[in-house]
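Read the structure below first, then the notes.
All of the numbers you see were taken from the coordinates with simple rules; none came from a lab. What you see is a predicted model; the values in this text were computed from it and never measured. Note that each Cβ is placed from the backbone with ideal geometry, even for glycine, and that neighbours are counted across all protein chains shown.
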Amino acid sequence: MPRYWWVNQNQTYKAEVGGGYMWSPKVNKDGGFNQFYENMTLVNLGDIIFSFADTLIKTVGIASAPARSADRPKEFGKAGEAWDIDGWLVQVDYDELMDPIKPKEHMDLLAPLLPSKYSPIRSDGDGNQVYLAEIPSVMADALLSLIGSQVDVAVEEGQARAIQNRTDIGATEKYQLVRSRVGQGQYRKNLENHEKGCRITGIADGRFLRASHIKPWSKSNDFEKLDGNNGLLLAPHVDHLFDRGFLSFEDSGELILSPRLPTAVTAAWNLVDGKPTKALSAKQAVYMDYHRREVFKGP
């Protein structure tokens, strides 16, 4: 599973985001240990990085390579003169947000989720004097929920690239994991062993159905990405709503509609809250519990 990082880039944002990397010295100027620089060596392929500058999270990135030794980038100019030349560089695929978020405006949500040690910001939303800090997954999920769908595709594409760069699995498994992102390959075959058609429309012709992960692909580990129990066959319009949390299912199979779903949509698509469908299997229910808690847009 990916780890989540917060990088403070006030002085070097343009250089780092424009160049597709993060860079830090290896030690303090006096040669002393610095945990926030050491964190560079802990970043793995596929880790998610929130870039903070000018009081805003402006960019979300995916680590595309582990840290390597590199001299201080020349494009830092005077901003980098206070740092040693010898440092760590991590390649990052950045996706700049069209609508950056200001964490200080959401501290009622974020403050209880801050790491107890080495936090990148304080409980009032002001930044700490740190470079790269790890943040817990619950805080990352909260940030992603505030950012919304701006980075969904970018996060998945970054993870797919990271899978291609892995050396711990073979080419066939890489192919199957990447194909599972779009509901194809071995994942779809596994899913079709459990589901025979769309629970809402009744359509059984696979040409007109999507293989949708219950626990999102980007949140799933290797096993869950390919597990046929982690999915439903859904008509495209139903898949669209399920993927975005506008509907979910009880373990009994009953349809749950989000109160945020416009009545015009429910009427046009003949969606009825509480509509009975086939009960979930025990293994499907585990994934659906995650969907109801983390994806479904409840009251």
Quiz prompt | Inter-site label distance for residue 263 and residue 165 at 7 Å from Cα along Cβ, in nm | solution = 5.1
Self-check item: segment 36-50 - phi-based ³J(HN,Hα) in whole Hz, Karplus 6.51/-1.76/1.60, Gly and Pro as x
Solution: 6, 7, 4, 4, 4, 6, 9, 6, 10, 3, x, 5, 9, 10, 9
Quiz item: Straight-line reach from residue 58: which lysines have a Cα under 28 Å away, not including same-chain ones fewer than 8 places off?
Solution: 14, 26, 74, 78, 102, 104, 117, 215, 219, 297
Self-check item: Spread of Cα-to-Cα distances over 10 Å intervals beginning at zero, given as percent, for segment 183-295
Solution: 15, 51, 30, 4
Quiz item: Using the eigenvalues of the Cα gyration tensor, what equivalent ellipsoid semi-axes result for segment 1-105 when each is taken as the square root of five times the eigenvalue, whole Å, largest first?
Solution: 21, 16, 13
Quiz item: How many percent of Cα pairs in the chain exceed 28 Å?
Solution: 46
Quiz prompt | Under the Karplus curve 6.51 cos²θ - 1.76 cosθ + 1.60, θ = phi - 60°, whole-Hz ³J(HN,Hα) for segment 199-211, x wherever Gly or Pro sits | solution = 5, 8, 8, x, 5, 10, 6, x, 5, 10, 10, 10, 8
Self-check item: Top positive-direction residue, dipole computed over segment 1-88 with Cβ charges, set 55, 39, 83
Solution: 55
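Can you put 49, 147 in order of Cβ neighbours within 10 angstrom, beginning with the fewest?
147, 49
With a 10 Å Cβ neighbour count serving as the proxy for reagent exposure, in which order, fewest first, do 208, 249, 223 appear? Before the final figure, lay out the partial values.
Numbers: 208 13, 249 25, 223 8.
If I rank by nearby Cβ atoms, fewest first, I get 223, 208, 249.
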Quiz item: Extension gain residue 38-residue 207, at 0.36 nm per residue separation less the Cα-Cα distance, in nm?
Solution: 55.8 nm
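Can you tell me how much longer the chain between residue 65 and residue 146 gets when fully stretched, taken as 0.36 nm per residue apart minus their C-alpha distance, in nm with one decimal?
Values: separation 81, 0.36 × 81 = 29.16 nm, distance 2.70 nm.
Length gained, residue 65 through residue 146: 26.5 nm.
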Practice problem: Would you mind working out the magnitude of the charge dipole of the chain relative to its Cα centre, with +1 at each Lys and Arg C-beta and -1 at each Asp and Glu C-beta, to the nearest 20 Debye? | Solution: 640
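Between residue 76 and residue 283, what length comes free when the chain is fully extended (0.36 nm per residue of separation minus the Cα-Cα distance, one decimal in nm)? Walk me through the intermediate numbers first.
Details: separation 207, 0.36 × 207 = 74.52 nm, distance 5.17 nm.
Full extension of this stretch gives 69.4 nm more.
Quick one: order 172, 201 by neighbouring beta-carbon count within 10 Å, fewest to most. Could the numbers behind the result be given before it?
Numbers: 172 9, 201 16.
Lowest to highest Cβ neighbour count: 172, 201.
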Quiz item: Within segment 204-227, what residues put their amide N at less than 19 Å from the label point 7 Å along the Cα-to-Cβ vector of residue 251?
Solution: 214-215
Quiz prompt | Estimated distance in nm for a label pair at residue 98 and residue 184, the labels positioned 7 Å out from Cα along Cα-to-Cβ | solution = 2.6
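Can you give the charge dipole size of segment 163-203 about its Cα centre, rounded to the nearest 20 debye, using +1 on the beta carbon of Lys and Arg and -1 on the beta carbon of Asp and Glu?
Numbers: 8 positive and 4 negative charges, 23 e Å.
For this selection, approximately 120 debye.
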Quiz prompt | Under 5 Å, built H, 5+ apart or other chain: amide partners of residue 254 | solution = 277
